[in-house]
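The next block holds one structure in the form of structure tokens; read it before the comments.
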Amino acid sequence: MSRNIPPLNPLRVFESVARLKSFSKAADELYVSQSAVSRQIGLLEDYLGIQFFHRDRTGVRLTDAGQRYYQDIGPAFERIAAATRRLGIDKDVVYLRLRVYSTFAAKWLMRRMVEFQQSNPEVRLRMTTAVAPVDFSKEAVDASIQFGDGKWPGVDATYLFGDDIRPMCSPAFLKQNGPVRHPKDLLRCRLIHSHYRQDDWPAWLKSVDLEMPQEDEPLMLPSSLLAYQAAIDGLGVVMGQQRMLEAELASGALVCLTDHSLQRELAYYLVTPSNASNREQTNVVRDWLLGTIAGSDARSSAQG
């Protein structure tokens, strides 16, 4: 069964006349002549077979049927108007498509998203996650946070922060398997590895003149995010990125097992295409990232 909806243009005119209680005011609001308003009201009354208005020398007033009809349809027009106003506000909002690593998103960026939105209400970030290097020619992405040496062809790369790694574990694991007084004490602990950062443990151990031990059943997890969670849950010692685990270290969910950290040659960069069309918006994100990182560094220096 089709819905019993009268022609919408006469209905809109009816709502305006009923709300303003005037044919002439409705004509002004709708940018039409008063005679055009009268014709539309006549069309609606003929269509429904109901008289909606009394017309006399004092002006126009609703009939009982007209009053009931207006009470029913008036709120619907107000909701339409409100929805349209909201669309008008959204026109000023720019959506920036940002591609990041899952661990970076969960452990660093998401924890600061409220601050970004409050500081930059005109830009909304739409995030996707992936590990492979970004290809702006094939992906619908405006900017990406990449990990590497910063030397990618055809893009502009802004240095964000380096890669400082250090062994970490939960207090419960340390209590059960500690103490760790020397880096070589780590070799008797269960080590947690991330599939995408398999060089972390060998590189760090080499920096303290130790070799990677032969492990019968290495605990290899598919992402750093899962590796960090495994360490929090007490499954072993993870080679943690200090930037990603600031909150866990501050809360005591994880503890560092040595003062020695390794600064890798690789780093995190904000990457944008050299010919980006929305440079103004990507610069907003870049400036916020750099300002947030500088503020965090300043607080760490003050506390240290």
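All of the numbers you see were taken from the coordinates with simple rules; none came from a lab. Everything numeric here is computed off the predicted structure, so don't read it as measured data. No Cβ is skipped: glycine too gets one built from the backbone with ideal geometry, and neighbour counts run over all protein chains shown.
Please list the non-local residues whose amide H lies under 5 Å from the amide H of M127, H modeled 1.01 Å from N, same-chain partners needing a gap of 5 or more.
Close amide H contacts, sequence-distant or interchain: L98.
For G178, list long-range residues whose amide hydrogen, built 1.01 Å from N in the peptide plane, is under 5 Å from its own amide hydrogen.
So G178 has HN proximity to no qualifying residue.
Skipping prolines and chain starts, which residues have an amide H placed within reach, meaning under 5 Å, of the one on L191, given they are 5 or more residues away or on another chain?
The list, which skips near neighbours in sequence, is L219, V237.
Which trypsin sites (Lys or Arg not before Pro) does the stretch 15-68 hold that lie in a coil by DSSP with at most 15 other beta carbons within 10 Å?
Working: sites: R19, K21, K25, R39, R55, R57, R61, R68; in loops: K21, R57.
In loop regions of the stretch 15-68 (DSSP not H, G, I, E or B), the sparsely surrounded trypsin sites (Lys or Arg not before Pro) are K21, R57.
Apply the Karplus curve 6.51 cos²θ - 1.76 cosθ + 1.60, θ = phi - 60°, to the phi angles in the stretch 133-142 and return the couplings in whole Hz, x for Gly and Pro.
Values, residue by residue: x, 6, 10, 5, 6, 10, 10, 7, 9, 8 Hz.
Using alpha carbons only, how many degrees (0 to 90, rounded to 10) separate the axis of helix 34-48 from the longest principal axis of the chain?
Orientation of helix 34-48: about 90 degrees from the principal axis.
The stretch 91-136: which trypsin sites (Lys or Arg not before Pro) are DSSP loop and have at most 16 other beta-carbon atoms within 10 angstrom?
K91
Between I192, C169, N120, whose Cα lies farthest towards the positive end of the dipole of the chain when Lys and Arg beta carbons carry +1 and Asp and Glu beta carbons carry -1, centred on the Cα centre?
Going by the Cα projections, it comes out as N120.
Which of the three applies to the stretch 8-90, rounded, prolate or oblate, going by the alpha-carbon gyration tensor with a ≥ b ≥ c and a/c under 1.5 meaning rounded?
Cα axes put the stretch 8-90 in the prolate bin.
Which ordering of E265, E115 is given by a fewest-first count of other beta-carbon atoms within 10 Å?
E265, E115
Can you match Rg/Rh (Cα atoms, Kirkwood Rh) to one of these, [x] 0.94; [y] 1.30; [z] 1.01, based on a calculation from the structure here?
Given [x] 0.94; [y] 1.30; [z] 1.01, the calculated one carries the label [y].
How high is the FRET efficiency between E217 and E265 when r is their beta carbon distance and R₀ equals 30 Å, given to the nearest 0.05?
My answer for the efficiency is 0.45.
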